[in-house]
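Any read-out appearing in this document is the output of simple, stated calculations on the displayed coordinates, not a laboratory observation. In this text the structure is predicted, and so the values were computed from the model without any measurement. Glycine gets a Cβ as well: all are built from the backbone with ideal geometry, and neighbour counts include every protein chain shown.
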Amino acid sequence: MMNSTEAEELLNKYALGNCSEQELEQLHTWYVEEALNEVSITAAEVEDIKNNIWQMLPVHQDSGTVTAPLFSPIWIKRFAVAASILLCVTLGYYYFNRKNTNTTQLAKQEVIVPGGNKAVLTLADGTKIDLAKTTNGLLGNDHGTRIVKTDDGTIFYGDDNSDNKKVVWNTLSIPVGGYYNVTLSDGTKVWLNAKSSLKYPTDFRDKERIVTLDGEGYFEVAHNPSKPFKVITATQTVEVLGTHFNINAYTDETFTTTTLLQGSVKILAAGQQQLLAPNQQAKLKDNKINITSCDAENAVDWVNNDFVFDHEQLASIMRKLSRWYNVEVSYPPSVANLEFNGSISRTKNITQVLKYMELTGVVKLKVEGRRITVMQ
């Protein structure tokens with residue numbers, strides 16, 4: 001990690017146009033990780049700085065929609081957004097020259113930490129196991145199927161070779177502020193996001209492998225041509241043989257969204273069926289399926305513990321923050337459709353995430369207890 005002297009030297013090199021690409025990334029990382037943590041800069045102060053370079057920034061207004069860049073090293077590596085480096089370096093000079101280190105309203109609030117490995121496993125007889133409070137190892141035997149919790153925070157199902165084996169159903173429920181993953185008896189791996197649940201059999205003996213999803217899940221389905229794998233949600237059924245895909249079926253979202261990373265999937269809804277190819281996304285609303293091309297990796301940002309916003313509306317972002325940080329959110333209708341671009345780690349405290357959003361200059365955010373209010 002750079003000290004202030006090294007950072008200042010890099011800033012001077014940047015001003016002379018002598019920074020290499022690696023040094024630019026190093027400088028950007030220093031600013032995001034250190035300057036924001038140590039010095040709070042208000043939206044008004046950012047606006048003063050930004051006025052001098054606004055024409056160079058990718059912020060555009062069209063028919064009332066604002067697209068605002070958020071900044072992180074991951075986003076720079078993915079998209080090489082030179083303008084975000086420019087803003088961070090400009091703010092970096094401000095950081096060095098600033099004499100007043102008063103904290104903003106955001107910095108004075110209680111620390112709201114990100115979510116983590118939390119889940120409740122409900123067995124066939126109704127027994128509930130809080131996985132965050134149980135030790136690793138064998139959790140139990142449910143009608144001839146061994147259930148094991150591993151060191152890396154997952155559970156998997158295995159045959160115990162019992163003669164009295166019986167297929168029963170379990171449910172893995174993820175609370176607000178949690179996530180978990182499970183390896184099913186056929187080898188299929190499922191990651192579940194906050195405020196989600198998956199109901200599944202302890203063994204797949206029928207002609208079809210069927211599970212039920214509420215919320216969001218990422219699936220890496222074990223290939224088995226003789227047994228199609230089906231994910232049933234409240235609005236659709238997704239059928240596959242073996243593939244990688246993500247389903248977002250939260251009831252508070254506008255669409256049920258299915259995104260394909262590998263293989264192929266068939267979506268069945270309201271008497272319709274559509275096939276998806278890799279890097280395609282299906283959005284279901286009002287019994288209509290709309291398929292578009294996309295960067296499928298963005299849909300599984302949460303699996304990699306990131307928030308990746310690609311022209312994402314503020315209303316959608318705030319719902320994600322609410323589920324992950326277990327907070328209430330409010331915003332006026334006038335800002336709901338503001339669009340943001342950027343990438344931020346989900347491991348950061350919420351105050352850090354909100355500071356990134358304030359740096360765009362298009363919104364102000366206030367924290368009161370566990371309530372986040374968005375203002376313009």
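Numbers below:
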| quantity | calculated |
| --- | --- |
| Ranked packing of 252-259, 289-296, 138-145, most packed first, by mean Cβ within 10 Å | 252-259, 138-145, 289-296 |
| Spread of Cα-to-Cα distances over 10 Å intervals beginning at zero, given as percent, for the stretch 220-295 | 20, 57, 22, 1 |
| The stretch 201-301, relative contact order [Cα under 8 Å, separation at least 6], % | 19 percent |
| Loop-located chymotrypsin sites (Phe, Trp or Tyr not before Pro) in the stretch 302-376, at most 12 other Cβ atoms within 10 Å (DSSP) | none |
| Contact order normalised by residue count of the stretch 152-210, Cα under 8 Å, 6+ apart, percent | 37 percent |
| When each of Lys133/Lys285; Lys288/Lys348; Lys230/Lys348; Lys128/Lys189; Lys189/Lys283; Lys199/Lys266 is checked by Cα-Cα distance, pairs over 29 Å | Lys133/Lys285; Lys288/Lys348; Lys230/Lys348 |
| Value in Å of the Kirkwood radius, where the stretch 230-376 supplies the Cα pairs that are averaged | 16.5 Å |
| Radius of gyration, Dmax [the stretch 167-304; alpha carbons; angstrom] | 13.8, 39 |
| Relative contact order (%) - criterion: Cα under 8 Å, at least six apart; region: the stretch 144-262 | 17 percent |
| At 1.567 mPa s and 4 °C, Stokes D of the stretch 334-376 from Kirkwood alpha-carbon radius, µm² per second | 115 µm²/s |
